[in-house]
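Engineer: Take this structure first; my questions come after.
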Amino acid sequence: MAVEQAKRLGVLTSGGDAPGMNAAVRAIVRTALDRNMEVYAIYEGYQGMVEGENRVRKLNWDSVGGILQRGGTIIGTARSEAFRSRPGRLQAVSTLLEHGIDNLIVIGGDGSLYGASLLYQEWPALVAELVTQDRISAEVAARHPHITVVGLPGSIDNDIFGTDMTIGADTALHRITQAVDALSSTAASHQRTFVVEVMGRHCGYLALMGALASGADWALIPSSPPAGDNWEERMCEVLKTGRAAGRRDSIVVVAEGACDRHGHRLTSEYIKKVLEERLDEDVRVIILGHIQRGGSPSAFDRNLSTILGYAAVEEILAAVPGSAPCLIGMRGNRIARTPLQHSVEQTRAVTAAIEEQDFDKAMTLRGHNYQAAFSTLRTLVRALPHAPTPGQKRLRLAVIHAGAPAPGMNTAVRAAVRLGVDQGQRMFGVRNGFQGLIAGDIHEMNWMSVNGWAPIGGAELGTNRKTPSGKDFYAIARTFEEHEIQGLLMIGGWSGYEAIYQLFRARDNFPAFNIPLVCLPATIDNDLPGSDLSIGADTALNSIIEAVDKIKQSAVASRRCFVVEVMGRNCGYLAQMSGLATGAERVYLPEEGVTLNNLQADLAMLIDGFRHGKRLSVMIRNENAHPLYTTSFMSTLFAEEGKGLFDVRQAILGHLQQGGNPTPFDRILATRLAATAIEFLVAEAGKASQAAVFMGLQTGQVQLNNLEDLPRMADLTSQRPKEQWWLDTRPIARVLSQPAPHFGAQENAGEPDQPSHDGSGA
Ligand code: ADP
């Protein structure tokens, strides 16, 4: 009886390398093996496909062990001239058929994806040509009439249509913000000006978001050249005025492909010259270059790549013969499929528009969020705000924090204050949360009071968990009245939401509360209703994965199991997503609880694994996963029942998760939410009956939810905890972290202990 041959999948990384490619390769290989496919790495991208021979190698479960946290790509990448020609592609098809591969996942940028689309289109003709040339038999050709192709967006530039983010862009932004943060401190010490050149030939995403996130003073991006022919004058004027107003440093961020309205390249050297001549001071150029591609991928990139890699294999399995290739991307935290050809065409349309100097079209093609970020940046980089319009009604708006500190709170306050002041409003900061509001500790803030706040962690205004009770309402109303507050923005966590809801409910008795109220989600726990993500959660996630990476490295020589406890209160987001990003074998979530049966099964897994040569195991437990099966209980149980086979250590990460400078993602989210909050307060303040809302990001869009719905939506979140979007990643984590022996003779279970064996690409 003929045995049906397993599907064979080829995977390659191509074009510029991007951090996160390894995580994608790992997810693809393990998911495919789990679904009984055979997986082949095609080393050095299309070049390896053309060269064949030992460039194509079968991978097993362990081949992709220990690579999740590594930058670059272990299967190598290259640019291949040969593949651009038809004879080169004919040779590539011959290589694939030699290995029986007719399923392909390509991870790369615009050029690589175009190449993949071309390969799909030409496949039948190239196969027929190989038959004509007697290089393959008609039977072989008949077995492989089509190739199934799936593309993943791998590019640090974030320039691919069909996904909110490309693999590597978030990590590149980490490198940029770290560099600009570091430069700012030295620049401030010497009152210097730096020109920082970042990557992005046709796409200014890194320059735009890098400038927005780091609080830079000017940015030059390809799709939106500076307006007018005297922009040099204006740029220098802004920097000069900024200095006079008290800014000690000046940072100009320029994308490598920046140009003026006439299409002339604006090099960093040219900008340096302009600044030196007109400002009469020493200007330094820093070209970040390949540093932006390097280093360990961020939590976001690891998880994006993992989720996309898993989905790519599912797409291959679901494809019917001849299915047109698609790009798998992520939009609003959900998987999105786009026909590959359409994605390539739209991506190229932006480049073409810039080349034709049709900058409006380029900006339109980049989408609404990009345009909004650009417009916000234009305000935030101003040296000083626009003067209020004569006769303008100037609203008095207050900002307050509540709850535990969350990295990004300062960034949000900075954006709110500057955007408000720029519109002519008067902005007030409340110190120390509701305690300060009760005590009347409130002060007016101006443009420069938030100078330098974008990158700093903690909460400069102060925050605490004090929730006002009914007896405090009178004092709060008096503070509002004394300062004539006409709108309140609360940036904080659940205790702040509850407090604002109480004020809202007390409006009948306290007319001072009848002002627009906004709750802006800021907590590392990511447990707030009405928002897929809250400010601070991404920074906490990155702090956790850095700690877990270090913990893993600390245990190279012994047999050891770590039980790592992370924060999150009753929300397992941090545990689940850090588990996914570090390859933890098990996560314990409050949404699922823990049973004795679970613990027994996990213990059995540990004993089996360590008996078969495992050296390290990592379990991640949310602080509230179970009230009695605590981290300490679990550690003792595993140690006692392991009977000396392995050591157990507990690592309670604690407050390091609430600290640290906000990640670029948190800074960008904070700025975006604050911009919407100010827009809302200004629009509502003039109305007779003022709305109150809690805001958030839902499937990628900023939404305002009526405060009246808070209890209902909060109940819904706690009653239906399993409906949160990130819980969909649980099956992925389960597949990828399972022990290898499941797949036959390979021993040494588990992810963290495995160095990559044959994955060097050499
Ligand atoms: P990226 O994928 O990062 O955009 P490139 O544009 O250099 O990087 O493309 C990577 C590889 O993809 C190229 O070296 C080439 O092998 C292949 N490729 C790019 N454009 C084409 C094309 N027009 N036709 C065929 N192959 C292409």
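Engineer: Among the residues in the range 145-152, are any more than 12 Å from the ligand (Cβ to nearest atom), over 24 Å from the mean Cα position of the chain (by Cα) and without any contact (Cβ under 8 Å) to a residue 12 or more places away in the chain? Even if it seems obvious, please write down each step before you answer.
Structural biologist: Of the range 145-152, the ones more than 12 Å from the ligand (Cβ to nearest atom) are 145-150.
With over 24 Å from the mean Cα position of the chain (by Cα) added as a condition, the list becomes 145-149.
Among the residues that remain, those that are also without any contact (Cβ under 8 Å) to a residue 12 or more places away in the chain are: none.
No, because not a single residue in the range 145-152 is more than 12 Å from the ligand (Cβ to nearest atom), over 24 Å from the mean Cα position of the chain (by Cα) and without any contact (Cβ under 8 Å) to a residue 12 or more places away in the chain.
Engineer: Which residues, counting only those in the range 274-301, are part of a helix (DSSP H, G or I), out of contact with any Cys (no Cβ under 8 Å at 6 or more places or on another chain) and surrounded by 23 or more Cβ atoms within 10 Å (Cβ to Cβ)? Steps first, please.
Structural biologist: Kept after step one, since they are part of a helix (DSSP H, G or I), are these residues of the range 274-301: 274-279, 289-293, 299-301.
This time we only want the ones that are out of contact with any Cys (no Cβ under 8 Å at 6 or more places or on another chain), so: 276-277, 289-293, 299-301.
GLN292, ALA299, PHE300, ASP301, listed by residue number.
Engineer: Within the range 174-220, restricting attention to residues that are free of Cβ contacts under 8 Å to residues at least 60 places away in the same chain and open to solvent by less than 10 Å² (accessible area, probe 1.4 Å), which residue is farthest from the chain's Cα centre (by Cα)?
Structural biologist: In this case the residue turns out to be LEU220.
Engineer: With of a type in the set (D, E, K, R), closer than 25 Å to PRO222 by Cβ and modelled with pLDDT of 95 or more as the only criterion, which of ASP159, ASP164, ASP170, ASP134 stands out?
Structural biologist: ASP170
Engineer: Hey, another quick one. Output the residue which, of all residues in the range 1-14 that are charged (D, E, K, R) and modelled with pLDDT under 95, is farthest from the ligand (Cβ to nearest atom).
Structural biologist: From the range 1-14, those charged (D, E, K, R) are 4, 7-8; that's our starting set.
This time we only want the ones that are modelled with pLDDT under 95, so: 4, 7.
On the way: GLU4: 33, LYS7: 25 Å.
Per the stated criteria, the residue is GLU4.
Engineer: While we're here: Please go through the range 88-119 and give me each residue that is away from the ligand (no atom under 12 Å from the Cβ) and part of a helix (DSSP H, G or I), ordered by number. Reasoning before the result, please.
Structural biologist: Just the residues of the range 88-119 that are away from the ligand (no atom under 12 Å from the Cβ), to begin with: 90-91, 93-105.
Listed by number, the residues that qualify are LEU90, GLN91, VAL93, SER94, THR95, LEU96, LEU97, GLU98.
Engineer: Among the candidates ILE101, ILE28, single out the residue that is among the hydrophobic types (A, V, I, L, M, F, W, C) and under 25 Å from MET165 (Cα atoms).
Structural biologist: Details: ILE101 fails: under 25 Å from MET165 (Cα atoms).
Step by step, each of ILE101, ILE28 is checked, and only ILE28 is among the hydrophobic types (A, V, I, L, M, F, W, C) and under 25 Å from MET165 (Cα atoms).
Engineer: Of everything in the range 494-532, what is hydrophobic (A, V, I, L, M, F, W, C) and either under 23 Å from ARG586 (Cα atoms) or touching a Cys at 6+ places or on another chain (Cβ under 6 Å) (or both)? Give them in sequence order. Before the answer, list the steps.
Structural biologist: Of the range 494-532, the ones hydrophobic (A, V, I, L, M, F, W, C) are 494, 499-500, 503-504, 506, 510, 512-513, 515, 517-520, 522, 524, 528.
Selection gives ILE500, ILE524.
Engineer: Applying the selection to the range 408-424, what residues are open to solvent by 10 Å² or more (accessible area, probe 1.4 Å) and assigned to a loop (DSSP other than H, G, I, E, B)?
Structural biologist: Within the range 408-424, just GLN423 meets the criteria.
Engineer: Here's another thing I want to ask about it. Taking only the range 15-68 into account, find how many residues are more than 16 Å from the ligand (Cβ to nearest atom) and aromatic (Phe, Trp, Tyr).
Structural biologist: Number satisfying all stated conditions: 2.
Engineer: Within the range 333-351, restricting attention to residues that are touching a helix residue (DSSP H, G or I) at 6+ places or on another chain (Cβ under 9 Å) and among the small types (Gly, Ala, Ser), which residue is surrounded by the fewest Cβ atoms within 10 Å (Cβ to Cβ)?
Structural biologist: Across the range 333-351, the extreme among qualifying residues is ALA349.
Engineer: Scan the range 162-173 residue by residue and report those that are in contact with a Pro (Cβ under 9 Å, 6 or more places away or on another chain) and either free of Cβ contacts under 8 Å to residues at least 24 places away in the same chain or not aliphatic (A, V, I, L, M) (or both).
Structural biologist: Within the range 162-173, GLY162, THR163, THR166, GLY168, ASP170, THR171 qualify.
Engineer: Can I ask one more? Out of the strands (runs of 3 or more DSSP E) lying entirely within the range 643-711, which hold 2 or more residues that are touching a helix residue (DSSP H, G or I) at 6+ places or on another chain (Cβ under 8 Å) and open to solvent by less than 10 Å² (accessible area, probe 1.4 Å)? Quick ask: steps written out before the conclusion?
Structural biologist: Details: elements: 647-652, 692-698, 701-706.
Output list reads 692-698.
Engineer: Considering each residue of the range 527-548, count those that are out of contact with any strand residue (DSSP E or B) (no Cβ under 7 Å at 6 or more places or on another chain) and modelled with pLDDT of 95 or more, and give that number.
Structural biologist: Number of matching residues: 10.
Engineer: Looking at ASN22, is it assigned to a helix (DSSP H, G or I) and open to solvent by 10 Å² or more (accessible area, probe 1.4 Å)? Full working, then the answer.
Structural biologist: Working: assigned to a helix (DSSP H, G or I): yes; open to solvent by 10 Å² or more (accessible area, probe 1.4 Å): no.
No; evaluated as a whole, the condition is false for this residue.
Engineer: Mind checking which residues of the range 25-39 are farther than 20 Å from THR582 by Cα and surrounded by fewer than 24 Cβ atoms within 10 Å (Cβ to Cβ)?
Structural biologist: ARG35, ASN36, MET37, GLU38
Engineer: Something else: Can you go through ALA557, ALA575 and tell me which one is aliphatic (A, V, I, L, M), out of contact with any helix residue (DSSP H, G or I) (no Cβ under 7 Å at 6 or more places or on another chain) and at pLDDT 95 or above? Can you show your working first?
Structural biologist: Values: ALA557 fails: at pLDDT 95 or above.
After ruling out the rest, the residue left standing is ALA575.
Engineer: State whether the residues of the range 599-617 include one that is among the small types (Gly, Ala, Ser), touching a strand residue (DSSP E or B) at 6+ places or on another chain (Cβ under 9 Å) and either surrounded by fewer than 19 Cβ atoms within 10 Å (Cβ to Cβ) or in a strand (DSSP E or B) (or both).
Structural biologist: To start, the set of residues in the range 599-617 that are among the small types (Gly, Ala, Ser) comprises 601, 604, 609, 613, 617.
So of that shortlist, the ones also touching a strand residue (DSSP E or B) at 6+ places or on another chain (Cβ under 9 Å) come out as 609, 617.
Restricting the remaining residues to those that are either surrounded by fewer than 19 Cβ atoms within 10 Å (Cβ to Cβ) or in a strand (DSSP E or B) (or both) gives 617.
For the range 599-617, residues among the small types (Gly, Ala, Ser), touching a strand residue (DSSP E or B) at 6+ places or on another chain (Cβ under 9 Å) and either surrounded by fewer than 19 Cβ atoms within 10 Å (Cβ to Cβ) or in a strand (DSSP E or B) (or both): present.
Engineer: For the range 373-392, which residues satisfy the criterion of being out of contact with any Leu (no Cβ under 8 Å at 6 or more places or on another chain), surrounded by fewer than 20 Cβ atoms within 10 Å (Cβ to Cβ) and over 20 Å from HIS443 (Cα atoms)?
Structural biologist: Within the range 373-392, SER375, ARG378, ARG382, HIS386, ALA387, THR389, PRO390, GLY391, GLN392 qualify.
Engineer: Can you name the residue in the range 87-108 that is touching a residue at least 60 places away in the same chain (Cβ under 8 Å) and open to solvent by less than 10 Å² (accessible area, probe 1.4 Å) and is also farthest from VAL313 (Cα to Cα) among such residues? Walk me through it before giving the result.
Structural biologist: So the first thing to find is which residues in the range 87-108 are touching a residue at least 60 places away in the same chain (Cβ under 8 Å), and the list is 96, 99-108.
Among the residues that remain, those that are also open to solvent by less than 10 Å² (accessible area, probe 1.4 Å) are: 96, 101, 103-108.
Numbers: LEU96: 18, ILE101: 14, ASN103: 10, LEU104: 10, ILE105: 8, VAL106: 11, ILE107: 13, GLY108: 16 Å.
The selected residue is LEU96.
The values are calculated or read from the model by the stated rules, or taken from the named source; none is laboratory data. None of these values were measured; they are calculated from a predicted model. Positions of Cβ are generated from backbone atoms using ideal geometry, with glycine treated the same way; all protein chains shown enter the neighbour counts. SASA here: full protein model, heavy atoms, side chains in, ligands and nucleic acids out. Shrake-Rupley method; radii C 1.70, N 1.55, O 1.52, S 1.80 Å.
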